[in-house]
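The block underneath contains the structure these notes are about, expressed in structure tokens.
The values are calculated or read from the model by the stated rules, or taken from the named source; none is laboratory data. This structure is a prediction, so every number in the text was calculated from the model and none was measured. FYI the Cβ positions are ideal-geometry reconstructions off the backbone, even for glycines, and counts take in every protein chain you see. All accessible areas refer to the heavy atoms of the entire protein, side chains included, with ligands and DNA or RNA removed. Shrake-Rupley method; radii C 1.70, N 1.55, O 1.52, S 1.80 Å.
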Amino acid sequence: MTVDAPARPRWRPARAAVLLAVFVCAACGLVYELALVALGSYLIGDAVGQASIVLGVMVFAMGVGALVAKPLQSRAAAAFAAIELTLALLGGLSVLGLYAAFAWLDLYGPALVGTAFVLGLLIGAEIPLLMVMLQRIREQSAGSAVADLFAADYVGALLGGLAFPFLLMPIFGQLKGALVVGAVNAVAGVALVFTVFRDELSRRARVGLGAGSVVVALLLGYAWVTAHDFEVTARQQLYRDPVVHAERSRYQEIVLTRSVREVGHTDTDLRLFLNGDLQFSSVDEYRYHEALVHPAMRGPHGDVLVLGAGDGLAAREILKYPDVRSVTLVDLDPAVVALARSEPQLRELNRRSLTDPRVRVLNLDAFGWLRTATERFDVVIADLPDPDETATAKLYTVEFYALVRPVLAPGGRLVVQSGSPYFAPRSYWSIERSVREAGFATTPYHVDVPSFGDWGFVLAAPGDAAPELALPADAPPLRFLTPPVLAAAAAFPADRARVDVPASTLLQPRVLEYAREEWRGY
């Protein structure tokens, strides 16, 4: 049995420096992975799919990188520094490059796979080279060396995993956060080699690595200086109209655009996008919100619960009824609510509904809030983002609608925005089926909203008696909805008749699968 010889004190700082480099490089590597997953989730909306692609490709590439590094072990120190500089540059610029591929080239998928593979290749080459460098400081058994390296590597990965969502994203944002990590990565690799392993470098290697360090620093610095202008330009490329407000909250990218509708018209078209998905157009949003709110208000409507709708437009329609006592609005993202309260044209559009004393706003997850809610409401309006992402698909499940039933007062009604029965019929009828399986009788209906196309809703009430689709007797004057229009809304054409599809559940979120398939290409 081989017993490690006691380390000589003068080599302990060197070993500590190598393990620190392992720690920092592991943290940087994991941040690169998370940055690619997060960017894909924002741009594409498929968090699970993006994570699977990035992690699968990168882990595979790491294995390839470990093999590729074998011939480099004779020049381990110089090779490690070169790899870290390359990784720092490519990893730091990865978000910028992928955003450009998405905005201008329509090559995001291939670019993502290529980027993940190259970064994984470089990350995979790190450990074999560091192992050789560690052994050159002090020979020790393979088991002990592996234990030391992987302990530092795993702890560093933990740091990177925590730093990305809680430090880098809030402070620097996604683009600049990747640049910061790239700079840290470069410093860690080059500093280790030029201090601990300087004597192993040839004069040519020192000059080459020094020049490479300067080039990487200049490129990352230039990207940092121009990051804001690049992001503004790239973002504008994604939208037809001028962007007047853009921010990335903890949950999503929020973009507000504004433009003159047509030549010769003075009306402006204000549009809100969340993660690239249109939420409303001021030109025709009244059609959507009148159809969403007013049929559900037929009956008692003193206390109303709104799930989602942080823009305040649904609340505007509810507050048109003078006998409404309270409106409780549960929306996850406080940034959307803050924008609806502060942006002048949006405040004018929602008629300052979110500052009305009858309105109470709770910035909470609707699913979690319903699980503990004890209040009762006459009307529940589910105006939630479309179920085309993992995070939102749970809000269109049998379990979610089952949570709504206990908060409905006797005689209460539920209405759900359900997507397009024309463009996404399976998604629409799966939502209707899910509502029914939660114990509701349903009345499906749809209207034309030019910005969205044919758009559908589901009006429901607990029990076996489906609610009648009609306007309340005390309905205020409306711009779009009339009794004949509402009567026609209950009729579905032959080419868009009811589709017999199963309900969506937490364990089988079928609506997510349907939405992705049906909306692909639109």
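Taking all protein chains into account, the per residue accessible area for segment 29-78 stands at 41 Å² (1.4 Å probe). Across the options 469, 114, 481, the greatest Cα extent toward the positive end of the charge dipole of the chain (unit charges at beta carbon of Lys, Arg, Asp, Glu) belongs to 114.
For the chain, the equivalent ellipsoid derived from the Cα gyration tensor has semi-axes of 55, 24, 20 Å, listed largest first. Average accessible surface for segment 417-522: 46 Å² per residue, computed with a 1.4 Å probe over protein heavy atoms with every protein chain in place. Across all directions, the average flat footprint of the convex hull enclosing the Cα atoms of segment 13-152 is 8.5 nm². Only the Cβ atoms of Lys and Arg (+1) and of Asp and Glu (-1) were treated as charged; on that basis the dipole of the chain about its Cα centre amounts to roughly 1760 debye. Simple spin-label estimate for residue 355 and residue 214 gives 5.7 nm between the two label positions (7 Å along the Cα-to-Cβ direction from each Cα). Averaged over its residues, segment 215-287 has an accessible area of 54 Å² per residue, based on protein heavy atoms and a 1.4 Å probe.
Rolling a 1.4 angstrom probe over the chain with all protein chains present gives an accessible area of which 61% lies on carbon and sulfur atoms. Magnitude of the charge dipole for segment 410-493, about its Cα centre and with charges confined to Cβ atoms of Lys, Arg (+1) and Asp, Glu (-1), is about 140 debye. Sorted on the mean count of surrounding Cβ atoms within 10 Å across their residues, most packed first, peptides 208-218, 475-485, 421-431 read 421-431, 208-218, 475-485. Taking 0.36 nm per residue of separation and subtracting the current Cα-Cα distance, fully stretching the chain between residue 194 and residue 222 would add 7.6 nm. Basic side chains Lys and Arg get +1 at the Cβ, acidic Asp and Glu get -1 at the Cβ, and with that the dipole of segment 270-315 about its Cα centre reaches some 80 debye.
Taking label points 7 Å from Cα along the Cα-to-Cβ direction, residue 246 and residue 513 give a separation of 3.6 nm.
Helices that extend 20 Å or more along their long axis by alpha-carbon positions and average at least 0.5 on the Kyte-Doolittle scale are, among the DSSP H runs of the chain, 12-43, 47-68, 76-100, 108-137, 142-163, 169-195.
For segment 330-447, the residue among 427, 342, 359 whose Cα projects farthest onto the positive side of the dipole built from Cβ charges is 359.
Along the axis of the charge dipole computed for the chain (Cβ charges of +1 for Lys and Arg, -1 for Asp and Glu, origin at the Cα centre), the listed residues 257, 52, 368 are led at the positive end by 52. Per-residue ellipticity at 222 nm, computed for the chain from helices alone with -39500 (n - 2.57) per DSSP H run of at least four residues, works out to -17000 deg cm²/dmol.
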